[in-house]
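Encoded as structure tokens, the structure appears first; notes follow it.
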Amino acid sequence: MSLGTDWVLDWVRASATVIAENRVELITLDREIGDGDHGENMDRGFSAVLATLDSVAGDALPADVLKLVGTTLISTVGGASGPLFGTAYLKAAGAVAGVAELDGSAVVELLRAARDGIVLRGKAEIGDKTMIDAWTPAVEAADAALAGGASEAQILRVAAEAAAAGAGATEPLVARKGRASYLGERAIGHRDPGAQSTSLLLRAAADVAARLAAA
Ligand code: ADP
Ligand code: MG
């Protein structure tokens with residue numbers, strides 16, 4: 001079963017819900033190693049995205065929705081994460097341009113393009129204690145699952161699990177990018193907020209795909 005515009009729309013709605021539910025947690029994480037606005041930034045962005053969904057045409061392609069998410073996040077989120085997540089969705093849109101139904105390899109390319117867009121923009125490497133520490137294991141796990149013949153929903157599930165593990169693995173790290181890098185060793189013991197929000201967004205993607213596959 002491939003994933004179409006319905007999946008993207010439901011993913012966006014589920015993302016807005018999960019970000020709103022975890023707003024305080026993301027604020028708390030960012031208060032520990034940043035300036036405390038990450039939950040607010042993401043919630044503002046995804047609330048704005050939700051409000052734009054009514055304007056999506058009935059014949060919209062997945063890429064059209066992803067592009068709308070990207071442009072809306074860039075114009076509403078602010079902070080470091082706005083342009084980074086915004087670029088991720090814009091690049092994801094580019095990776096699946098013209099495709100109505102995403103198969104497993106399109107899902108992997110979507111994730112890879114999102115990650116590559118964040119790296120292009122923010123220049124973070126794995127281990128820098130940023131959202132890349134969630135995105136890169138997710139892309140690698142997705143790629144391995146695709147090679148193993150997994151379904152789209154299974155690919156997204158392993159990607160979400162790898163992102164969650166990657167977010168957890170940021171805790172012992174010293175940050176080398178973003179505000180947390182000003183803290184030196186004081187960042188140790190705290191989870192990176194952007195890695196956590198990445199894990200939430202990918203879990204939403206997997207949950208929605210699983211629901212559609214079961215329907
Ligand atoms: P700000 O740091 O401007 O307050 P946010 O709090 O919304 O913005 O986002 C912080 C998150 O952005 C961090 O937790 C980290 O995951 C991510 N981040 C910051 N700089 C970079 C970068 N150069 N590359 C990748 N991610 C980054
Ligand atoms: Mg912040």
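Between residue 97 and residue 171, what is 0.36 nm times their sequence separation minus the Cα-Cα distance? Round to one decimal in nm.
23.0 nm
What is the set of long-range amide H partners of residue 102 at a cut-off below 5 Å, with H atoms built 1.01 Å from backbone N?
Distant-sequence amide H within range of residue 102: 3, 4.
Rounded to whole Å, give me the distance from the Cα center of segment 187-205 to that of segment 87-107.
Going from one Cα centre to the other spans 22 Å.
State the percentage of accessible surface on segment 1-143 attributable to carbon and sulfur atoms; use a 1.4 Å probe and exclude ligands, DNA and RNA. Walk me through the numbers before you get to the answer.
Numbers: 3000 of 5690 Å².
The value for segment 1-143 is 53 percent carbon and sulfur by accessible area.
Suppose all protein chains stay in the model; what accessible area per residue would a 1.4 Å probe give for the chain, in Å²?
On the way: 8980 Å² over 215 residues.
Per residue, the chain has 42 Å² of solvent-accessible surface.
Dividing the convex hull volume of the Cα atoms of the chain by its residue count, what figure in Å³ per residue is obtained?
Numbers: hull volume 21.1 nm³, N = 215.
Dividing the Cα hull volume of the chain by its residue count gives 98 Å³.
Around residue 206, with a cut-off of 11 angstrom between Cβ atoms, what is the net charge of the other residues, counting Lys and Arg +1 and Asp and Glu -1? If you can, show how the numbers build up before the last one.
Working: positive: 157, 203, 211; negative: 152, 161, 207.
Residues near residue 206 contribute 0 overall.
I need the phi-derived Karplus couplings for segment 154-169: 6.51 cos²θ - 1.76 cosθ + 1.60, θ = phi - 60°, integer Hz, Gly and Pro marked x.
My calculation for segment 154-169 gives 5, 4, 5, 5, 5, 5, 5, 5, 5, 5, 5, 5, x, 5, x, 6 Hz in order.
Expressed as a rounded percentage, what relative contact order does segment 5-214 have, with Cα pairs under 8 Å and six or more residues apart? Display every interim value, and only then the final one.
Working: 386 pairs, mean separation 46.3, N = 210.
For segment 5-214, the relative contact order is 22 percent.
Please enumerate, by chain and number, the lysines with C-alpha under 19 Å from the C-alpha of residue 91, excluding those fewer than 8 residues away in the same chain.
By straight Cα distance, residue 91 reaches 67, 123.
The values are calculated or read from the model by the stated rules, or taken from the named source; none is laboratory data. All values reported here derive from a predicted model rather than from experimental measurement. Neighbour counts run over all protein chains shown; Cβ positions are idealised from the backbone, glycine included. Just so you know, the surface numbers come from the protein's heavy atoms only, side chains and all, with ligands and any DNA or RNA stripped out. Shrake-Rupley method; radii C 1.70, N 1.55, O 1.52, S 1.80 Å.
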